[in-house]
1. Would you say E174 is out of contact with any Gly (no Cβ under 7 Å at 6 or more places or on another chain), assigned to a loop (DSSP other than H, G, I, E, B), surrounded by fewer than 22 Cβ atoms within 10 Å (Cβ to Cβ) and among the charged types (D, E, K, R)?
2. Check E120 against each of (1) near the ligand (Cβ under 10 Å from one of its atoms); (2) under 13 Å from I240 (Cβ atoms) and name the one condition it does not meet.
3. Within segment 61-69, can one find any residue that is part of a loop (DSSP other than H, G, I, E, B) and either away from the ligand (no atom under 16 Å from the Cβ) or of a type in the set (G, A, S) (or both)?
4. Taking the options A132, A157, A136, A153, name whichever one is aliphatic (A, V, I, L, M), touching a strand residue (DSSP E or B) at 6+ places or on another chain (Cβ under 9 Å), more than 14 Å from the ligand (Cβ to nearest atom) and closer than 18 Å to Q38 by Cα.
5. Can E206 be described as without any contact (Cβ under 8 Å) to a residue 40 or more places away in the chain and of a type outside the set (V, I, T)?
6. Give me a count of the residues in segment 216-232 that are assigned to a loop (DSSP other than H, G, I, E, B), farther than 24 Å from R113 by Cβ, of a type outside the set (D, E) and touching a strand residue (DSSP E or B) at 6+ places or on another chain (Cβ under 8 Å).
7. So which of V213, V236, V200 is open to solvent by less than 30 Å² (accessible area, probe 1.4 Å) and in contact with a Phe, Trp or Tyr (Cβ under 6 Å, 6 or more places away or on another chain)?
Amino acid sequence: MYDLAIVGGGPAGLAAGLYAARARLKTIIIEKEKAGGQIVITDEVANYPGSIEEAGGPSLIKRMKEQAEGFGAEFTIDPVQEVQLDGKVKKIIGKDKTYEAKAVIMATGASPRYIGCPGEKEFTGRGVSYCATCDAAFFEDLEVYVIGGGDSAIEEAMFISKYARKVTVVHRREELKAAKSIQEKAFRNEKIEFMWNTQVVELKGEGLLSSMVVEDTTTGERREIKADENDGTFGVFVFIGYMPQNALVEGKLDMEHGYIVTDENMHTNIPGVFAAGDNRAKSLRQVVTATADGAIAATQAEKYIENNFEE
Ligand code: NAP
């Protein structure tokens, strides 16, 4: 049996693993795909204190993982199917194995929000993308539409403009939500244009994305935007926010708008169960707050185990 099982291997889970392992808790971090969570698809991490070198998310995560493992945390890839949190001994049921632990930290993060329109799934990877770092280079000299009006959409639009011939930001309102400083840079960028009061209602093509139907959010009028004949295709990058990944604990933990409710010490409503990172109800979802959550959750788990399990 483990002292602590951490579900999720992003910044919150890895920081929790580091703190728990340093406190000599027998710790396992269970990740569904590969370490890193959303930060590994981020090109530049400019606002994590001390992270100032060119290499962004992937390098930061690699070091976080090595550091946690260096102190003895185990790391495994196993998609978790179910969690049983009520008993004194908690059970995490993976595809490969069942893990028993005295305490659990849910650090499952968030994932991109989808438009939800016809064609979106079909053309993902065939014109539709959720990761500029991964895919912008495929659109060298092509036209790209970026959907969204927040910090992510505008920052990624600027990144994509290094490759694309033209980037059009498609936003459902007539003003951006992004921070003013980020907006100003985008307005100065000659390759970036804006399509206001517009939402995408359908994505179409044959094999590759080649047209999209957009709707004016004020009049309801629809029109079709087609790829330039010489190009045959264009890119649609979607940055319209994120969804917490809490399906495993739905109906088990207290939630608010899909996010797990904790106190300031990361305790959920079930003793011995903690939450850390972007899946938690809070005001700022950043790497720096995720790692802080992880550190707090792990030290609280240590206290919980000390008080509830005899040696
Ligand atoms: P966000 O701030 O939630 O913005 C989402 C944007 O997408 C909004 O403009 C929203 O429109 C639009 N949107 C939402 N649902 C939509 C839909 N179904 N169809 C069309 N548009 C839709 O998300 P984010 O930009 O990904 O940022 C997430 C968090 O990370 C924020 O706290 C942000 O500050 C932070 N972040 C910070 C930085 C930085 O500091 N450099 C960089 C990236 C992200 P409305 O405006 O109409 O609501």
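1. Criteria met by E174.
2. So E120 meets the others, but not (1).
3. Within segment 61-69 (the criterion being part of a loop (DSSP other than H, G, I, E, B) and either away from the ligand (no atom under 16 Å from the Cβ) or of a type in the set (G, A, S) (or both)), the answer is no, since none of the residues qualifies.
4. Unique residue meeting the criteria: A136.
5. Yes.
6. Of the residues in that region, 2 qualify.
7. Testing whether each residue is open to solvent by less than 30 Å² (accessible area, probe 1.4 Å) and in contact with a Phe, Trp or Tyr (Cβ under 6 Å, 6 or more places away or on another chain) leaves just V236.
Rundown of residues vs (1) without any contact (Cβ under 8 Å) to a residue 24 or more places away in the chain; (2) away from the ligand (no atom under 16 Å from the Cβ), yes/no style:
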site	(1), (2)
K185	no, no
R223	yes, yes
F234	no, yes
H257	no, no
V261	yes, yes
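The values are calculated or read from the model by the stated rules, or taken from the named source; none is laboratory data. Quick caveat, the model's predicted, so the values are computed rather than measured. Quick reminder, even Gly has a Cβ in these numbers, built from the backbone with ideal geometry, and neighbours come from all protein chains shown. When the accessible area is computed, the model is the full protein with side chains, heavy atoms only, and any ligands, DNA or RNA have been set aside. Shrake-Rupley method; radii C 1.70, N 1.55, O 1.52, S 1.80 Å.
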